[in-house]
């Protein structure tokens, strides 16, 4: 399935790059650019766009969630492994040690109620607001 998607994206990346190249050629021709410069601009625009699109697709494939071939438990443990490393996580694919009922980065202490003044001041100091 992945090779079909990759082939599909490659075809559409080629088409989009070709259309972009044609737009660059027409605009260059309208602006009376020399023939050699038009050829160089066409090559650079096509190559740059094609590599940008395929590079984005490759990055997406490398950081996407794994397919659920062996059940949902394995896929959940590997979720976002490459993305976590790219943003500075030191433990590669480390399982979550603390399982809380709060999603995301919500502090569990917030379930106890509104923070008092000292805790709010400490949060503001940590954020660097003085």
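Every number here is computed from the coordinates shown, using simple stated rules; none is lab data. Predicted model only: the values in this text are computed from it and were never measured.
If the chain linking residue 122 and residue 4 were pulled fully straight, counting 0.36 nm for each residue of separation and taking away their Cα-Cα distance, it would gain 37.2 nm.
The largest-to-smallest principal axis extents of the Cα set in the stretch 2-63 are 44, 16, 13 Å.
The length gained by stretching the chain between residue 58 and residue 29 to full extension, at 0.36 nm per residue less their Cα-Cα distance, is 7.1 nm.
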